[in-house]
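Peer 1: Submitted below is the structure of interest, expressed as structure tokens.
Derivation of every value follows stated rules applied to the coordinates shown; laboratory data play no part. Just so you know, these numbers come straight off a predicted model, no measurement behind them. Cβ coordinates were reconstructed from backbone atoms using ideal geometry, including for glycine residues, and neighbour counts include every protein chain displayed.
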Amino acid sequence: MELVTLALVAVAPIVVVLVLMAGLRMSAMKAMPIGWFLTVLIAYFFWGVKANWIAGATIKGFLNALDIMLVVFGAIFLYYNAKMSGILGSITESIAKVSKDRRIQAGLAFLLGAFFEGAAGFGTPGAIVGPLLVGIGFPPLIAAALVLIYNSSPVSFGCVGIPVWGGLGASLDNPVVHATLAEYGYTLKDFLYKDITLLTATLHGVLAVFVPLLGVTFMVKWGGGKLKDVKDVVPTLLLAGICFAVPYWTIAKFLGPEFPSLLGAAIGLLIYVLLLKKGFGVPKRIWEFSEKYEAKEEFVGKKFGFLAAILPYVLVALGLVVTRVVPEINSFVNNVGVIVVSNILDTKLSQSYKLLYNPGSIFIIAVLISNLILKVDTKTTLESLKVSLKAVAPAAIALMFAIGFSQIMMTSGNNIYSYPSMLRAMAEALASATGPAYILVAAFVGVIGAYMAGSNTVSNIMFGGFQFEAASFAGYPKSIIVALQNVGGAAGNMICVHNIVAVCTTVGILGKEGVILRRNLLPCAIYGIAAGIIAVVLLALGIPKI
């Protein structure tokens, strides 16, 4: 069957879900089961996927959702405990002392989110920073959309570089790629740690300078303001981007893919706060959301000093870093408390749980330890636990079906007709249709992968090898196209259904996922197009060699 026909059929469930959520404003809890059911019909009757593979992929998706739900629950528990104990109110007062201007607070949120992305990834920034913004008075709908826009530039080096060495590394680790790279005197590690890392950092780094401004521009529009309300804060927001981008790019060049986001954000946040306190770039007037968008937060509990109030978040950061950076601890959490489900329904599909490595476990442990140190009473802890369990339940349905139908699409290559998987058919059709213009749309292959799979890493696993091949087909250096895949997979986090559900759950607006998706389509498109244009400029400068 023709590739175009396959691609058009494969894209149908995605289009339906987009129309239901972005067009008809249907909640993910309702739209995702419909998308899953349509995917099942296409996989069985059109694609020729056997029933056990369809059911196995669905079960794997459900099991994978449980892993993600632990992260979501941990973040919700962290938030409600902080709110009910008085910790959040204390942090609010401290942040307000840095600046009461919502636009500057958004710049700080960009750097905070980048730090948590560098440490943990997998939706952690939105799940933590979103509730913090709500806690300081941001309307939940605006906070949710904003943190997802910001969860872009840092993502390709998130969770200590897994999208590069784990995602692309797994996808490109095959004899054909090794032989091709050997012709240039390269190993796969050289290719990933030098060319891909530096090109990814360059593409993201240029864009990161403008991402805080991009987010605030949309935030002001959503918050009842006008374009003129952004003009006086442009220097401050560019400063926030530069504070991140410069150490980010430098660390990528000299240290590789593990630490650009983590250290770049930490260094950038320190510099930015110090400069703000010195008055650099601080606008003369303070901007606030219009009256009809104003969020009302009732803070309860006792008052804490700033250092005491941030203790749970410091423990989270330390836990995330040491479990990923310290070799002995990393080995322990990756090998103890591991649950593996193999050969689901007699397929090759499996799912593993690393309970101690999961960020959600670290959130829960951090809450319990900090409550002991800060002497938060047991009643408050139990009440916040009860509220968190109630809040997380509805999100499970949306996530289970979202990941279920994405898993069917990813594994649909196992069929009786020898068709490529649904996702690969879409990607190949795009490369064939665009030809020389492929460099301008290559990032959107990564976006599609992240939208469906919920992960830059998984998007890279799915499409890294394809992009390596597509570069030759389109006549471009392989490094720039593979780097665009990495960048697109990061941009896709803005509209990834899994992340949207997680953020909406943690900020208390479950059911509004369609609103967030519709709002973030344009910022995501801008990011992907800009990445392609920057790549064209790099080519003109003769930078990519392989």
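Peer 1: Rounded to the nearest 20 debye, what is the charge dipole size of the chain about its Cα centre when +1 sits on each Lys and Arg Cβ and -1 on each Asp and Glu Cβ?
Peer 2: Rounded to the nearest 20 debye, it is 1300 debye.
Peer 1: I've got another one for you. Find the percent of Cα-Cα distances in the chain that exceed 30 Å, and round it to a whole number.
Peer 2: 47 percent
Peer 1: Also, quick follow-up: Averaged over all directions, how much area does the convex hull of the C-alpha atoms of the stretch 5-80 cover when projected, in nm²?
Peer 2: It is 6.3 nm².
Peer 1: Students often get this wrong: which residues of the stretch 416-432 have the backbone nitrogen under 17 Å from the point 7 angstrom along Cα-to-C-beta of residue 52?
Peer 2: 416-417
Peer 1: On to the next question. Please give the calculated 222 nm ellipticity per residue for the chain, where each DSSP H segment of at least 4 residues contributes -39500 (n - 2.57) and the sum is spread over every residue; nearest 500 deg cm²/dmol?
Peer 2: After summing the helix terms and dividing by residue count, I get -23000 deg cm²/dmol.
Peer 1: Right, next: Multiply the residue gap between residue 343 and residue 533 by 0.36 nm, knock off their C-alpha separation, and tell me the result in nm, one decimal place.
Peer 2: So the extension gain works out to 64.0 nm.
Peer 1: Which Cα, out of 356, 441, 374, lies furthest along the positive dipole direction of the stretch 332-458 (beta carbon charges, K/R +1, D/E -1)?
Peer 2: It is 374.
Peer 1: How far, in degrees from 0 to 90, does helix 51-85 lean away from the longest principal axis of the Cα atoms of the chain, to the nearest 10?
Peer 2: It is inclined by approximately 10 degrees.
Peer 1: Kirkwood Rh and Cα-based Rg: tell me the resulting Rg over Rh for the stretch 269-411, rounded to two decimals.
Peer 2: On the way: Rg = 21.4 Å, Rh = 20.0 Å.
Looking at the stretch 269-411, the ratio lands at 1.07.
Peer 1: So if each residue of separation counts as 0.36 nm, and I subtract the Cα-Cα distance between residue 286 and residue 372, what length gain in nm does that give?
Peer 2: Extending this stretch completely gives an extra 27.1 nm.
Peer 1: Along the charge dipole of the chain, which of 417, 283, 473 sits closest to the positive end, that is, farthest toward it, with unit charges on the beta carbon of Lys, Arg, Asp and Glu (+1, +1, -1, -1)?
Peer 2: Of 417, 283, 473, it is 283.
Peer 1: Label points 7 Å out from Cα along the Cβ direction at residue 437 and residue 326: separation in nm?
Peer 2: 5.4 nm
Peer 1: Where the centre of each part is set by its Cα atoms, how far does the stretch 1-41 sit from the stretch 44-62, in angstrom?
Peer 2: First find each Cα centre; the distance between them is then 16 Å.
Peer 1: Which of rounded, prolate, oblate describes the stretch 339-399, given a ≥ b ≥ c as roots of the alpha-carbon gyration tensor eigenvalues and a/c under 1.5 marking rounded, otherwise prolate only if a/b is larger than b/c?
Peer 2: Cα axes put the stretch 339-399 in the oblate bin.
Peer 1: Now, a different point. How high is the relative contact order of the chain, given as a whole-number percent (alpha carbon pairs under 8 Å, six or more residues apart)?
Peer 2: 29 percent
Peer 1: Something else: I want to check the label-to-label distance for residue 45 and residue 8. Put each point 7 Å from Cα in the C-beta direction and report it in nm to one decimal.
Peer 2: The answer from the label model is 1.8 nm.
Peer 1: Now for a different question. Using Cα centres only, tell me the gap between the stretch 212-226 and the stretch 459-495 in whole Å.
Peer 2: Comparing the Cα centres of the stretch 212-226 and the stretch 459-495, I get a distance of 30 Å.
Peer 1: Checking the a/c ratio against 1.5 first, then a/b against b/c, what shape does the Cα gyration tensor give for the stretch 386-437?
Peer 2: Oblate, since a/c reaches 1.5 and b/c is not below a/b.
Peer 1: So if we plug the beta-carbon distance of residue 278 and residue 469 into 1/(1 + (r/R0)^6) with R0 = 60 Å, what FRET efficiency do we get, rounded to 0.05? Please list the in-between numbers first.
Peer 2: On the way: r = 51 Å, r/R0 = 0.85.
Once rounded, the FRET efficiency stands at 0.70.
Peer 1: Mind checking the stretch 444-546 for trypsin sites (Lys or Arg not before Pro) that DSSP puts in a loop (not H, G, I, E or B) and that have at most 13 other Cβ atoms within 10 Å?
Peer 2: In loop regions of the stretch 444-546 (DSSP not H, G, I, E or B), the sparsely surrounded trypsin sites (Lys or Arg not before Pro) are 545.
Peer 1: For the stretch 53-189, what relative contact order do you get, as a whole percent, if you take Cα pairs closer than 8 Å and at least 6 residues apart?
Peer 2: Reported as a whole number, the value is 20 percent.
Peer 1: Give me the angle, in degrees from 0 to 90, between the Cα long axis of helix 497-506 and the longest principal axis of the Cα atoms of the chain, rounded to the nearest 10.
Peer 2: So the helix axis and the longest Cα principal axis differ by about 20 degrees.
Peer 1: If I stretch the segment between residue 270 and residue 416 completely, what's the gain in nm (0.36 nm per residue apart, minus their alpha carbon distance), one decimal?
Peer 2: Full extension of this stretch gives 46.9 nm more.
Peer 1: Apply the Karplus parameterisation 6.51 cos²θ - 1.76 cosθ + 1.60, with θ equal to phi minus 60°, to every residue of the stretch 182-198 and state each ³J(HN,Hα) to the nearest whole Hz, in sequence, with x for glycine and proline.
Peer 2: Values, residue by residue: 4, 5, 9, x, 10, 9, 4, 5, 4, 4, 6, 7, 10, 4, 5, 4, 5 Hz.
Peer 1: Further, regarding this structure: Which of the trypsin sites (Lys or Arg not before Pro) found in the stretch 341-446 are loop residues per DSSP with 14 or fewer other Cβ atoms within 10 Å of their Cβ?
Peer 2: Working: sites: 348, 354, 375, 379, 386, 390, 424; in loops: 348, 375.
In loop regions of the stretch 341-446 (DSSP not H, G, I, E or B), the sparsely surrounded trypsin sites (Lys or Arg not before Pro) are 348, 375.
Peer 1: If you line up the long axis of helix 378-411 against the longest principal axis of the chain, both from Cα atoms, how many degrees apart are they, to the nearest 10?
Peer 2: 20 degrees
Peer 1: Shape verdict for the stretch 164-218, please, from the Cα gyration tensor: rounded (a/c under 1.5), prolate (a/b greater than b/c) or oblate.
Peer 2: prolate
Peer 1: What residues have an amide H closer than 5 Å to that of residue 421, excluding those fewer than 5 places away on the same chain, when H is modeled at 1.01 Å from N in the peptide plane?
Peer 2: Sorted by chain and number, the residues that satisfy this are 413.
Peer 1: Can you tell me the mean projection area, over all orientations, of the convex hull of the stretch 163-277's alpha carbons? Units nm², please. Mind dumping the intermediate values first?
Peer 2: Working: hull surface 35.6 nm².
If you wrap the Cα atoms of the stretch 163-277 in a convex hull and average its projections, you get 8.9 nm².
Peer 1: A further question follows. State the dimensionless ratio Rg/Rh of the stretch 37-76 (Rg: radius of gyration of Cα atoms; Rh: Kirkwood radius).
Peer 2: Over the Cα atoms of the stretch 37-76, Rg/Rh equals 1.20.
Peer 1: Moving on to the next point. Report the residues of the stretch 265-281 in range of a label on residue 98: point 7 Å along Cα→C-beta, backbone N strictly under 12 Å from it.
Peer 2: 266-277
Peer 1: Another question, if that's okay. With label points built 7 Å along Cα→Cβ from the Cα atoms of residue 541 and residue 255, find their separation and express it in nm.
Peer 2: Going by the 7 Å Cα→Cβ label model, 2.3 nm.
Peer 1: Another question, if that's okay. Kirkwood Rh, Cα Rg: Rg to Rh for the stretch 436-546? Walk me through the numbers before you get to the answer.
Peer 2: Working: Rg = 15.1 Å, Rh = 14.3 Å.
For the stretch 436-546, the value is 1.06.
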